[in-house]
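The values are calculated or read from the model by the stated rules, or taken from the named source; none is laboratory data. Keep in mind that this is a model prediction, so the values were computed, not measured. With ideal geometry, Cβ positions are generated from the backbone for all residues, glycine too; neighbour counts draw on all protein chains shown. The protein model used for the area step is the full one, side chains on, heavy atoms only, and it has no ligands, DNA or RNA in it. Shrake-Rupley method; radii C 1.70, N 1.55, O 1.52, S 1.80 Å.
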Amino acid sequence: MNDTEQLIKEALNRQADRAPHPGPTLSALRRPARRRSRSSLFLTVGTAVAAAAVLFAAGVLVGKGPSPDNGAAALLPTTTPSASTHVKFSPGWLPDGFVEVYRSAGPDGIVRVWTTEPSADPPFATAKPMVSLSVDGNPEGFETWEQVALANGATGYVQVTQGQTGPGATIVWRAPDVLRVTVRGVPDVRATAVQIAGAVQPDDKSVVRSAVEYQGLSLPRVWGASPSRWTSEIRVDPFTAQVSTDPPDLTGGKPVDVRGKQGTYVPGKYVAVLDRGVWLTVTGQLTEGQLVKIANDIKIDPKPGYDWIGH
Amino acid sequence: MTPSFDDFVAAQVTPLLRYATVLTCDPYLAQDVVQEVLLRAQQRWDRIGAVDLPAAYVKRMVTNEYLSWRRRREAKNVALSTATLEHISPAVPDTSHHYDEREAMLQRIAQLPRKQRAAIVLRYYEHYTDSEIARELGCAEGTVRSHISRALATLRLEHSPEPAAAGLRVREGLS
């Protein structure tokens, strides 16, 4: 076995270690057929994505754009997440130096992330110190973890694991939503996680708002380094649309008319255009014409007010 | 003796989820695929449980489900879904300096055409022979060798530069 083959083998084994916990799958098999769904959030998002996929197939692939008054589009108001989603909870305490860099609402629940080293890239998969707070994540299986009494009176379940960047602590509790705090990159991850969890409070004001919307659908996912340097993304199979203050790599691209402006089509990758001071990029395994049509149909908000980034 | 469906699932759900995660490069999609397959298997367990190797049969159902899955993930999504994995499954111990290279390799594997990726997974994760892969994918052994050869050529080409970004630029220049 040569180096490449060895690397492939190692990479695949690493990927296997990321398999989801079997709990949700086992639960789905035990439920009666009419109740099979992963969670209400999954149902909402899944239905919305399915609706968008129907609209997409009807409008983009066939070339007839769905109108708001047709039958399929009429489904959207009841199934589409709003452009703004309340994050529902906030930490009442964080270690010194941590600032918020990420918010999302989607199939993986509501997620907020803080770090001490903000950057323009998504905050995961790095060695940076990180605190995350998730609502309605993947709660199965935590009952076997070590129980711990939280300062707010709840019973939490904590687990410390050794990651590639050092130890990380995860604590899960019900409030009554299932909340999860994950901490890494600080001296005592367990104690810090317990302290953060004990100080988490309901928050009916903070929201995550998408700066990009397609056919009324926006599953907000936002990250950045500051209120003036951010990226907002939605994923609607089979494409991903991003609005960002940072330009994409246009190497190898060719001019294309999009949104009434000169944009760039990078073959096999994406269509990008600068519109009202922000970059819209539409990525997917689609033709140039399909990507352009999607880009034309997308609504963007160049000033979404991401004042929470970096604070 | 035919195993009960519950016993089968208890023994096989984790290996199936691991296999599907490798195959799809996406744990959420893997969960969907495995759940869908097991629900179908549950309904037909009288027949499936009676075959010689039910686990192999259901694994092939997972492979077929993946190959026919309509939802396509762009490479950019893979990077993010990898990132969100820490919310599903905490990182495992790893002190190897090859970490970044493996992550870069995963990105490249995720960009392979589906049948090439499936062939690579069956060869290097499941350690199947060419004939076993051919049976799994429903194609000739020669086709399997072609899939693997092309995939390795792509992965070798893109593996050669040190930084991941440089590898992407090489490919862009060639396309």
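Listing for the model above:
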read-out	value
Within the stretch A:123-159, tally of residues that are open to solvent by 50 Å² or more (accessible area, probe 1.4 Å) and at pLDDT 75 or above	9
Some residue of the stretch A:217-236 being open to solvent by 30 Å² or more (accessible area, probe 1.4 Å), aliphatic (A, V, I, L, M), at pLDDT 90 or above and outside any helix (DSSP H, G or I)	no
Residue list for the stretch A:85-104, filter: within 19 Å of A:Trp173 (Cα to Cα) and aliphatic (A, V, I, L, M)	A:Val87, A:Leu94
Residue list for the stretch A:8-19, restricted to those being of a type outside the set (Asp, Glu) and either more than 7 Å from chain B (Cβ to nearest Cβ) or open to solvent by 10 Å² or more (accessible area, probe 1.4 Å) (or both)	A:Lys9, A:Asn13, A:Arg14, A:Arg18, A:Ala19
Qualifying positions in the stretch B:105-131 - among the small types (Gly, Ala, Ser) and open to solvent by 20 Å² or more (accessible area, probe 1.4 Å)	B:Ser131
Yes/no for A:Pro248 being part of a loop (DSSP other than H, G, I, E, B), surrounded by fewer than 21 Cβ atoms within 10 Å (Cβ to Cβ), not assigned by TED's automatic domain parsing to the domain that holds A:Val135 and not charged (D, E, K, R)	yes
Some residue of the stretch A:29-46 being modelled with pLDDT of 75 or more and either hydrophobic (A, V, I, L, M, F, W, C) or in contact with a Ser or Thr (Cβ under 6 Å, 6 or more places away or on another chain) (or both)	yes
Residue identified as part of a helix (DSSP H, G or I) and out of contact with any strand residue (DSSP E or B) (no Cβ under 8 Å at 6 or more places or on another chain) among A:Gly268, A:Gly289	A:Gly289
Residue, surrounded by the most Cβ atoms within 10 Å (Cβ to Cβ), within the stretch A:292-311, restricted to residues that are part of a helix (DSSP H, G or I) and free of Cβ contacts under 8 Å to residues at least 40 places away in the same chain	A:Val292
Evaluation of B:Pro3 against (1) surrounded by fewer than 24 Cβ atoms within 10 Å (Cβ to Cβ); (2) assigned to a helix (DSSP H, G or I) (one fails), failing number	(2)
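To keep it simple, each residue is scored yes or no on (1) more than 9 Å from every other protein chain (Cβ to nearest Cβ); (2) under 29 Å from B:Leu106 (Cα atoms); (3) surrounded by fewer than 22 Cβ atoms within 10 Å (Cβ to Cβ).
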residue: B:Ala11; (1), (2), (3): yes, yes, yes
residue: B:Leu16; (1), (2), (3): no, yes, no
residue: B:Tyr19; (1), (2), (3): no, yes, no
residue: B:Gln31; (1), (2), (3): no, yes, no
residue: B:Gln42; (1), (2), (3): no, no, yes
residue: B:Val51; (1), (2), (3): yes, no, yes
